[in-house]
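In what follows, a single structure is set out as structure tokens and then discussed.
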Amino acid sequence: MKLINKSFYHLIVILKVLLISLLFTQCGEVKSYEQLVKKEMSSGVQIDTLFLGIYFGMPSKDFYKHCWELNRKGALRDGFGNTTAAFELTELKAPARFEFYPSFTNDKISAMPAFVQYDAWAPWNKELAAPLLLEEAKVMLQRWYNVTFYPIVPRSIFGKAYVGVTGNLKIVLYYTVENKVEIAYTDLRNGDDVPVVFKSSK
């Protein structure tokens, strides 16, 4: 009888621990984009540097000078149609390039549209198409910024889309064509954020 009582007591203790763990997990779970933004903006974390020493608030004059210097060193080159700057990516499963050109507000960088594309993409090369590249790009950006991505409802009919927020930095990943993945960096401190909707797991 004592053995039964002791086992029953241990079972109750285990159940209580599991219940408390479940409650803490649910309390920390992010269930909406608005909740995610509120949590991150109140964290006190501020991220300005994006990549290659380029940062939110960088004056346009400094940006062009910085890019010219990177180009001179071979770390940067002209992108598609000379409308973007580009650098090589070697951390994906195949050689790829990262192309970007900032948006300026009051002559300072306020957002950064960019895209990633495999060099060897072709219509018959399905393993290098956007749906698979999206997942690789997501993992890459998780490493770069230590950010968690959440699936969101895409604004177009094409495939998947993700959002990640860490501090003031918002990153949206999506694709609208088969050969590249779009990346949109936004500084949430600007107050002109366009909300997204988390995709249901159902």
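The values are calculated or read from the model by the stated rules, or taken from the named source; none is laboratory data. Note that the coordinates shown come from a computational prediction; the quantities given were computed from them, not determined experimentally. Backbone-built Cβ (ideal geometry, glycine too); neighbour counts: all protein chains shown.
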> Any idea which residue in segment 72-94 is nearest to the chain's Cα centre (by Cα), counting only those that are at pLDDT below 95, over 24 Å from Asp192 (Cβ atoms) and not hydrophobic (A, V, I, L, M, F, W, C)?
Replying inline: Glu91
> Mind checking which residues of segment 149-166 are out of contact with any helix residue (DSSP H, G or I) (no Cβ under 7 Å at 6 or more places or on another chain) and either among the basic types (Lys, Arg) or exposed (fewer than 13 other Cβ atoms within 10 Å of the Cβ) (or both)?
Replying inline: Val153, Arg155, Ser156, Ile157
> Within segment 65-101, can you find the residues that are in contact with a strand residue (DSSP E or B) (Cβ under 7 Å, 6 or more places away or on another chain), basic (Lys, Arg) and within 19 Å of Ala129 (Cα to Cα)?
Replying inline: Arg97
> Where in segment 86-153 are the strands (runs of 3 or more DSSP E), entirely inside, with at least 2 residues that are among the aliphatic types (A, V, I, L, M) and touching a residue at least 12 places away in the same chain (Cβ under 8 Å)?
Replying inline: 108-118
> When only residues in segment 91-148 that are more than 10 Å from Lys180 (Cα to Cα) and of a type in the set (Val, Ile, Thr) count, which is surrounded by the most Cβ atoms within 10 Å (Cβ to Cβ)?
Replying inline: Ile109
> Does Glu69 qualify as being under 20 Å from the mean Cα position of the chain (by Cα), at pLDDT 80 or above and exposed (fewer than 15 other Cβ atoms within 10 Å of the Cβ)?
Replying inline: no
> Pick from segment 146-184 the residues that are of a type in the set (Phe, Trp, Tyr) and over 15 Å from Met112 (Cα atoms): which of them is modelled with the lowest pLDDT?
Replying inline: Phe158
